[in-house]
Amino acid sequence: MEMDIDKIIEEIKFDDRGLVPAITQDAETQKVLMLAYMNKESIRKTLEERETWYFSRSRQKLWKKGETSGNIQKVKGFYYDCDKDSILLVVEQRGAACHTGEFSCFFNEALKPENGKTDILKELYGLLEDRKKNPIEGSYTNYLFEKGLDKILKKVGEETSEVIIAAKNKSKEELVYELSDLVYHVLVLMVNENVGIEDIKEELISRREK
């Protein structure tokens, strides 16, 4: 059924400035990424393009998430609450959501659930994407990207050797440490070659189904 954007906008209750708060959540990790504001025009553009547009209260203008950083948000779901005065956007986050380089804007912890879970691979991948697009001086990750594919491959090879040695040493602690180094460098390689985590998941799923 075709979406009636005009009807959706008519349903939503905007404040006296013509704005409504919008919470953005990552589709895969379910982590809350950010809180921003939308007006009628940004909602329309978001639903038409399936990429997030917000309204900046400080600049008094529309802005597209990732327009300069490349960290766009592909819209997978759009909801409004029972009072129709707030929006929930479910997105596929490319890179980091926060301008600080953190995956989520909500990284300041006051109280953390004891059994709180996070998809660290997805978050790390997003941070690596952000480092590639927005280099930070002195960053080891940026050093690898600057040196290029051959350097990255060399590190993957070295870390693979370290994993083999750790396994032969029968030390779980050492093996976990070296495997973590290998996973990090493999993720750097994936980002460098534009291979996403979803690409790997889809390949593994296709193998399972054979």
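From the square roots a ≥ b ≥ c of the eigenvalues of the alpha-carbon gyration tensor of the chain, which class results: rounded (a/c under 1.5), prolate (a/b over b/c), or oblate?
Details: a/c = 2.27, a/b = 2.08, b/c = 1.09.
The shape class here is prolate.
Any idea of the accessible area per residue across the chain, 1.4 Å probe, to the nearest Å²?
With the other protein chains kept in place, the chain gives 64 Å² per residue.
May I ask which of Lys45/Lys112; Lys151/Lys201; Lys112/Lys172 have a Cα-Cα span longer than 31 Å here?
Lys45/Lys112, as the Cα separations exceed 31 Å there.
How much of the accessible area of the chain, probe 1.4 Å, is carbon plus sulfur, in whole percent?
Solvent-exposed carbon and sulfur of the chain make up 51 percent of the total.
Find me the longest stretch of the chain that has none of the exposed GluC sites (Glu not before Pro), where exposed means in a DSSP loop (not H, G, I, E or B) with at most 10 other Cβ atoms within 10 Å.
3-108
Of Asp199, Asp85, Asp130, which has the largest mean-square fluctuation in a 10 Å C-alpha GNM of the chain?
Per the Cα network of the chain with a 10 Å cutoff, Asp199 tops the list.
Using square roots of five times the C-alpha gyration tensor eigenvalues, list the equivalent-ellipsoid semi-axes of region 56-164 in whole Å, biggest first.
One finds semi-axes of 33, 19, 13 Å for region 56-164.
From the Cα gyration tensor of region 137-196, with a ≥ b ≥ c the square roots of its eigenvalues, which class applies: rounded if a/c is under 1.5, or else prolate if a/b is larger than b/c, or else oblate?
It comes out prolate by the Cα gyration axes.
Tell me the mean residue ellipticity at 222 nm calculated for the chain from its helices only (DSSP H runs of n ≥ 4, each -39500 (n - 2.57), averaged over every residue, nearest 500). Don't skip to the end; give the middle numbers.
Values: 7 runs with 92 residues, N = 210.
Computed mean residue ellipticity for the chain: -14000 deg cm²/dmol.
If the chain between Asp6 and Ser161 were fully stretched, how many nm would it gain, using 0.36 nm times the residue separation less the Cα-Cα distance?
So the chain would gain 49.9 nm between Asp6 and Ser161.
The values are calculated or read from the model by the stated rules, or taken from the named source; none is laboratory data. Model, not experiment: these values are computed from the prediction. Glycine gets a Cβ as well: all are built from the backbone with ideal geometry, and neighbour counts include every protein chain shown. The protein model used for the area step is the full one, side chains on, heavy atoms only, and it has no ligands, DNA or RNA in it. Shrake-Rupley method; radii C 1.70, N 1.55, O 1.52, S 1.80 Å.
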